[in-house]
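K.L.:
Below you will find the structure I want to go over with you.
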Amino acid sequence: MLSVYKQNLKVYLTSKPSFWFLQITGWIVFYIQQYLQYYNEFQEIHVMVRWTISMLILFCITLLLRYIYRYIYHKRTGFVLITLAVMFFSFFAAMLWLLFNAYILSNLLIIITNWQIDTFVPLNLPMFLNRTFFLAFPIVIWSLLYFSIKFWFDLNEQKDRSEKSSLLAQKAQLQMLRHQLNPHFLYNSLTSIQALIYDDPKRADLMISELSDFLRFSLQDKDKLFIALGDEVKIVEKYLSIERTRFPERLEYIVNVTEQAAKVEIMGFILQPFVENALKHGMKSSSEKLLINVKGYVEAKKLFLEVKNSGSWIERDEKNGSSIQNVRDRLQNTYPNCHKIYIVKNPNSVYVIIEIDL
């Protein structure tokens, strides 16, 4: 029972509440605290009205600060710059709040209600600065809480994504080994080698070498979440080379990856499922020789991966599409809001384009 309570507490602490819930609740608590602290003063109606309106204005000012702080936070400016930004914008917001209270709100209430209200107008610059620093205190606290809460929940989200990405990567490795190294794949490859031993010993020897290299490349990075695109391409090339040896009259392929793109670190086994899909469905739908074109390049600070095959689109069933869905899930967790997948279905060709922000 205790473990269940601990688990529920962990979920509660790491679940992300909405900004509006925290914003409204926080300022209501602050308002009640001020009311209890200055209870005697709040017995006068004009003090209560002026303070309530003033708190609503402060509420709106912090909403403006939210958009400024969110922009600064997403820029990853660092602790020092964030601290300086909090000090500067808190002081500036307090100055606006003081000017509103001293010159606008009080005089407006005097004109509308004829109440005798102390306008609290600062008589000189030192007094103005002193009151500004005093009013800046709750805004500084709000600002620090904003960044602290945002950092805390973003840290937990990043941790969850990392754990989920690791689990998905492990699942992808198991799927790859099951899908690529399954008895059916090895049986077809060995059968082709057996047939070539007598008819074409050189091709048989080449296919054995390619199969060996494919297995080696597939297994050497099995524990890595991220590998260079160039290493991923080696696996794809060996796979396609084996299949072309099996189907010399039915398959042709082109792999064109730029030197810059080959150095980019990507999550492992991102291309292989799409290439296998292109081969399997392309063989069924292409009336002539199947052509598979694999491209990788960097443009406008984005990595583009393209897999094109001749033939037409074939609707996949759930079983055949599981590896593709796994890639989609891993992309979403590894590159949240930083990637796109396009599938272009032409009458005589199918494109899969993966776009990843660098």
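K.L.:
Please go through the stretch 259-269 and pick out each residue that is buried (at least 20 other Cβ atoms within 10 Å of the Cβ) and within 15 Å of Ile235 (Cα to Cα).
P.N.:
If the condition is that a residue be buried (at least 20 other Cβ atoms within 10 Å of the Cβ) and within 15 Å of Ile235 (Cα to Cα), then Ile266, Met267, Gly268, Phe269 are the ones that fit.
K.L.:
Among Leu190, Leu211, which is under 22 Å from Asn277 (Cα atoms), at pLDDT below 85 and surrounded by fewer than 18 Cβ atoms within 10 Å (Cβ to Cβ)?
P.N.:
Details: Leu211 fails: surrounded by fewer than 18 Cβ atoms within 10 Å (Cβ to Cβ).
After ruling out the rest, the residue left standing is Leu190.
K.L.:
Another one. Give the residue that is modelled with the lowest pLDDT, with candidates limited to residues of the stretch 1-57 that are small (Gly, Ala, Ser) and outside any loop (DSSP other than H, G, I, E, B).
P.N.:
From the stretch 1-57, those small (Gly, Ala, Ser) are 3, 15, 18, 26, 54; that's our starting set.
Checking which are outside any loop (DSSP other than H, G, I, E, B) leaves us with 3, 26, 54.
Details: Ser3: 46, Gly26: 86, Ser54: 78.
My answer is Ser3.
K.L.:
Name the residues in the stretch 58-102 that are among the polar types (S, T, N, Q), surrounded by fewer than 18 Cβ atoms within 10 Å (Cβ to Cβ) and assigned to a helix (DSSP H, G or I), would you?
P.N.:
Taking the stretch 58-102 first, the residues among the polar types (S, T, N, Q) are 62, 77, 83, 90, 101.
Still in the running and surrounded by fewer than 18 Cβ atoms within 10 Å (Cβ to Cβ): 77, 83.
Result: Thr83, single match.
K.L.:
State whether the residues of the stretch 260-277 include one that is modelled with pLDDT under 80 and under 26 Å from the mean Cα position of the chain (by Cα). Don't jump to the end; show me each part of the working.
P.N.:
Keep residues of the stretch 260-277 that are modelled with pLDDT under 80, which gives 268-269.
Going one step further and asking which of them are under 26 Å from the mean Cα position of the chain (by Cα), we end up with 268-269.
Taking every residue of the stretch 260-277 in turn, at least one turns out to be modelled with pLDDT under 80 and under 26 Å from the mean Cα position of the chain (by Cα).
K.L.:
Please go through the stretch 293-313 and pick out each residue that is assigned to a loop (DSSP other than H, G, I, E, B), more than 11 Å from Gly282 (Cβ to Cβ) and of a type in the set (Gly, Ala, Ser).
P.N.:
Step one: filter the stretch 293-313 for residues assigned to a loop (DSSP other than H, G, I, E, B), giving 300-301, 311-313.
Now narrow it down to the ones that are more than 11 Å from Gly282 (Cβ to Cβ): 300-301.
The answer is Ala300, and nothing else.
The values are calculated or read from the model by the stated rules, or taken from the named source; none is laboratory data. Every value quoted in this text rests on a predicted model; they were computed, and no experiment measured them. Positions of Cβ are generated from backbone atoms using ideal geometry, with glycine treated the same way; all protein chains shown enter the neighbour counts.
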